[in-house]
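These notes concern the structure reproduced below.
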There are 4 protein chains.
Amino acid sequence: MSLHIQPMSDQACLIVHGPDQPGIVAAVTALITRNKGNIVTLDQYTDDPVGGAFFQRVVFQRPDFAVAMPDIEADLDKTLSPLGLEWTLTDQSIPKRMAIMVSTSDHCLLELLWRHRRGELPVTIPMVISNHTNTAEDVRSFGVPFFHVPSQGPDKSAAEAEILKLLQGNVDFVVLARYMQILSDDFLAKVGVPVINIHHSFLPAFIGAAPYRKAHERGVKLIGATSHYVTKDLDEGPIIEQDVARVTHAHSAADLAKRGAYVERAVLSRAVEWHAQDRVIRHGNHTIVF
Amino acid sequence: MSLHIQPMSDQACLIVHGPDQPGIVAAVTALITRNKGNIVTLDQYTDDPVGGAFFQRVVFQRPDFAVAMPDIEADLDKTLSPLGLEWTLTDQSIPKRMAIMVSTSDHCLLELLWRHRRGELPVTIPMVISNHTNTAEDVRSFGVPFFHVPSQGPDKSAAEAEILKLLQGNVDFVVLARYMQILSDDFLAKVGVPVINIHHSFLPAFIGAAPYRKAHERGVKLIGATSHYVTKDLDEGPIIEQDVARVTHAHSAADLAKRGAYVERAVLSRAVEWHAQDRVIRHGNHTIVF
Amino acid sequence: MSLHIQPMSDQACLIVHGPDQPGIVAAVTALITRNKGNIVTLDQYTDDPVGGAFFQRVVFQRPDFAVAMPDIEADLDKTLSPLGLEWTLTDQSIPKRMAIMVSTSDHCLLELLWRHRRGELPVTIPMVISNHTNTAEDVRSFGVPFFHVPSQGPDKSAAEAEILKLLQGNVDFVVLARYMQILSDDFLAKVGVPVINIHHSFLPAFIGAAPYRKAHERGVKLIGATSHYVTKDLDEGPIIEQDVARVTHAHSAADLAKRGAYVERAVLSRAVEWHAQDRVIRHGNHTIVF
Amino acid sequence: MSLHIQPMSDQACLIVHGPDQPGIVAAVTALITRNKGNIVTLDQYTDDPVGGAFFQRVVFQRPDFAVAMPDIEADLDKTLSPLGLEWTLTDQSIPKRMAIMVSTSDHCLLELLWRHRRGELPVTIPMVISNHTNTAEDVRSFGVPFFHVPSQGPDKSAAEAEILKLLQGNVDFVVLARYMQILSDDFLAKVGVPVINIHHSFLPAFIGAAPYRKAHERGVKLIGATSHYVTKDLDEGPIIEQDVARVTHAHSAADLAKRGAYVERAVLSRAVEWHAQDRVIRHGNHTIVF
């Protein structure tokens, strides 16, 4: 799934979804062809052949795409709107702008910064925001701005307002890379971009705080991590990716946390990569990952 | 972990557990040596170096073990009782007697029967009990007796009494290989032998009925299975083994059930093998698996 | 990948491959639409965006497909031949006919028979052929004909001739489910249908005989199995599927073989399922698996 | 296996190996008890119950171990030498000194530096040596000395002499974290400490150079990495750890290398951790990993 991860010039991604009906794939592919696009990859899925929802992702190459984009958008509007279909067209040569929010644990943060430096994440990182300062030096050594926004006491509204001011207009999505403060509904309503979280358990097992302690108490033989979009319902948002690691009776709760850190950074990295590549479509409380 | 799975003549397994204290391993190994035993494998574990619980499993060879067993037991009693340690000594040449209870799904049942026929489970299978009849012919083709005990209506007491009559005195443990009736507390109190269940989810996620449907609704990216000892608290007993398989948005709830069947049969088989080899020690609501 | 595994009436599978060029996907999907087909799934792949080879698999529903098939084939011929593309159109309501050849080991054989009985393999099984007799009773208990063709001595030509007589005209592909005789080039030339093998190692490691013994000698920490199409070059044919299992220093070569059996049956079953669903396209010494 | 990874004061590790015979475990545990040690973990293994080789690892706590060590060594010598057993006793409070050698790829190097900073590797890192300079700044940001030793042309003897001068007396083992120069037999003879390598394939598949290219050509469905001790026979030394990742036809050779990097860093890290904890015993061309 991680192919073609570098921003490609003259490459576009089209997402189409809506009520399933015969001929959508043919209509979309004909549209791309008549607009001089050449299909690179095409994925489609219908959740129910009878009366279900249809999802399609097409990546195509088109010389001078930036110039042709408005014409293609007009054609899409004319062709797909009568069918009740929604669509999004993105220019793959423009990387998404990703903010990272973090508390004290650095394992997810450093993994994202390092993968980005290796050219494996098609994003820019305009800022890292933390309610602590311990990661500042590491972040800046990657050439990324670091902003410290303390968040103490029960009232988070001042801190959230400061964070919103930093984010707004500057980022296309936010990643909570072990940010240990709960964001208010008000913040989520105002931020206006997708927020991706990493939860340190195999959701829905061990919802809430201290999942490794709970996993140890329950005596599980596998621990997991889950990356999901953040919604108002804590730990209940659409799941993007999950994975697990094997543990035994001999692991303490602290051992589970140490081992789990490696699962967390891998799961969050994959979720971020797929989101940045427009591979993830939200549908109700589910995701389609192409 | 699956080594030496055939019943071995003149081979014994000693389990020791109790409060940790210096010198237990030395005391136990000296005891085995002075009783002419030769240690084949030794595993030990302490859950807390300070004031914790100690667990040890030793397999040893001893010529004419059956004759020497009473003397060794007397020595164990004399040596370990003053230290407050409990112990169990078993003759590995005598396979445990395992009953299988099943409803209509045959995947776990056939896997156990087939592994047994291959000589990979050190047990005998005196009976399969089912509340349905569809598996009768398959079971008998393996040379194993099949008993049909219907269980309809809300009152299961007559069926449970009939099952108890079949089991008592005849088996050393019971395996619920997708037996879809809930056993009463009364049954569990009377059966007097360990009961192992396979639950078709990654516990504690999706406790209760219809876990694959719930997993599909939640949009998980992995499904799992859990084998555990049955206790009065449904789906809450000590976990022996767990595993998972990867799924995608494209799998229906029925697809999850199909794919999950392969996880279930593997997880249950490993749990049964380890139990039959005296590798699993229960401690509170946990297991130590050596 | 294992979705829609039951033969579906009025469902067809179209495979297209050949030199990549702009507009193929649009041309194919337009063709299906004008022939009243509704696309269920579509996968495509190009091995090189510049001058590479193009591969596409489309499953579509079309009322009265059996009647319309000749017209669709004529349209395909007219549309795709000028582009230098090859195509295959199959009626998914007609299961492929699969012969199984086996020696003494029953684990792969029984797994295939059992998955078939569960309705998980879209095939019919007109025969099992073995150079031994130990599996005859099991095979016939599944309602499948069993033929014994002994193969002793260095000259296999008489045995191969007898096998060819049984197979020809009666099967669409052959599965070697641990058949331990090497088939001659002459046999492979004459059999005229794909032959799928399971090799008990992670190819290309441990090519040839006794791979588990070699793996044990080398001290590997993982063992594997590989399913591949059989070609004249022993153990060198296109790989369909591979998987591994973890082992330790404590496993003997016999333990590796026992543990490996579970990997073999899973890998071969997946390869057979995907082949039967027309998901596997051969290209040189590679496979594209959609 | 990764428990108790921090250097522990007053904790010792005893490795015993040699010809198997009855009573070794009892003799060793009695010795530890009479020397006031308390066993923390004990692992043992015999490769053949009849005339095989015996291996044991015991970690024990002993107040004032550093003071008592000579007495315990004398007792070990007196007790085990008559039995023909070899032994090594190490003070777990003294971390091993690890040199890292690297060329241009940073993924294994940074993973080791980062795990060390997290306190997850019980080593000190007195130096990183590279035949390139691109990683110098990163290495020094971790507070680790970096030495540049260019190695051009066919004659490596000057470079190897310079490396030996840096290493000798200063390190307990060397890790080749994607060091792309072949070390001479002479170097290996002189270095006098274990050298651990990461090979970017599932050995023995794809021995030698460019394994990802070869894997792509062969069309494998899994790629792997292998960490092993370096011996005179290139890619033939005792394997410590291996792992794999799933790939498809859609991955280019470059994609395999990218994905493989994540397997390499995990496999090498585990091998290094286990070696540093005295968990790995070499025996012929195999390892026993406790």
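Here are some notes:
- Inter-copy label distances at D:Gly192, using a point 7 Å along Cα-to-Cβ, come to 6.8, 7.0, 7.4 nm with the shortest given first.
- Chain D, relative contact order in percent, only Cα pairs under 8 angstrom and at least six apart counted: 16
- Size descriptors for region C:11-91: radius of gyration and Dmax over Cα atoms are 12.2, 39 Å.
- Count Lys and Arg as plus one, Asp and Glu as minus one, and take only other residues whose Cβ is under 14 Å from that of A:Pro126; the net charge is then +3.
- With both labels modelled 7 Å from their Cα along Cα-to-Cβ, the D:Asp48 to A:Thr133 distance reads 6.6 nm.
- Percent antiparallel among DSSP beta bridges (both partners in chain A, rounded to 5): 70
- For the protein assembly as shown, the Rg and Dmax computed from alpha carbons only, in angstrom: 31.4, 93
- The modelled label-to-label distance for the pair C:Ser184/A:Ala189, using points 7 Å beyond Cα in the direction of Cβ, is 8.2 nm.
- Exercise: per-residue mean of other protein chain Cβ atoms within 10 Å, B:210-222: 4
- Counting every C-alpha pair in region C:195-288, the share spaced more than 16 angstrom apart comes to 52%.
- In summary, the aspartates and glutamates within cross-link reach of C:Lys78, defined as a Cα separation below 12 angstrom excluding same-chain residues under 8 places away, comprise C:Glu86.
- Of all DSSP-defined beta bridges confined to the protein assembly as shown, some 70% are antiparallel rather than parallel.
- Cα→Cβ-extended label distance, 7 Å offset, between D:Arg34 and A:Phe142, nm: 5.8
- Mean projected area (nm²) of the alpha-carbon convex hull when region D:40-145 is viewed from all directions: 10.2
- For the residue pairs C:Lys214/D:Lys214; B:Lys258/D:Lys221; C:Lys214/D:Lys96; C:Lys214/C:Lys258, the C-alpha atoms sit more than 25 angstrom apart in C:Lys214/D:Lys96.
- Residue of chain C with the smallest Cβ distance to the axis mapping C onto D, distance rounded to whole Å: C:Ala205, 2.
- Rounded to the nearest 0.05, the FRET efficiency derived from the C-beta distance between C:Ala254 and D:Arg282 at R0 = 22 Å is 0.40.
- log10 of Debye I(q)/I(0), alpha-carbon scatterers only, for region C:97-246 at 0.09, 0.17 Å⁻¹: -0.29, -1.03
- Sorted shortest first, the distances from the B:Gln21 label point to those of the same residue in the other copies are 3.3, 8.1, 8.8 nm; each point sits 7 Å from Cα along Cα-to-Cβ.
- Of B:Lys36/D:Lys36; D:Lys165/D:Lys190; A:Lys165/A:Lys190; C:Lys190/C:Lys232, those spanning more than 20 Å from alpha-carbon to alpha-carbon: B:Lys36/D:Lys36
- Note on chain D: Cα-Cα pairs beyond 30 Å make up 38% of the total pair count.
- For region A:183-242 versus region B:31-92, the spacing of their alpha-carbon centroids is 45 Å.
- Taking Lys and Arg as +1 and Asp and Glu as -1, the other residues whose beta-carbon sits under 12 Å from that of B:Lys190 total -2.
- Where only DSSP H runs of four or more residues are counted, the protein assembly as shown gives -10000 deg cm²/dmol as its mean residue ellipticity at 222 nm, each run worth -39500 (n - 2.57).
- Among beta bridges that DSSP assigns inside region C:24-156, antiparallel share in %, nearest 5: 45
- Heavy-atom accessible area for A:Met8, with the other protein chains in place and a 1.4 Å probe, reaches approximately 60 Å².
The values are calculated or read from the model by the stated rules, or taken from the named source; none is laboratory data. Bear in mind the structure is a predicted one, so any value in this text is a computation, not a measurement. FYI the Cβ positions are ideal-geometry reconstructions off the backbone, even for glycines, and counts take in every protein chain you see. Remember, those area values only see protein heavy atoms, side chains included, never the ligands or the DNA or RNA. Shrake-Rupley method; radii C 1.70, N 1.55, O 1.52, S 1.80 Å.
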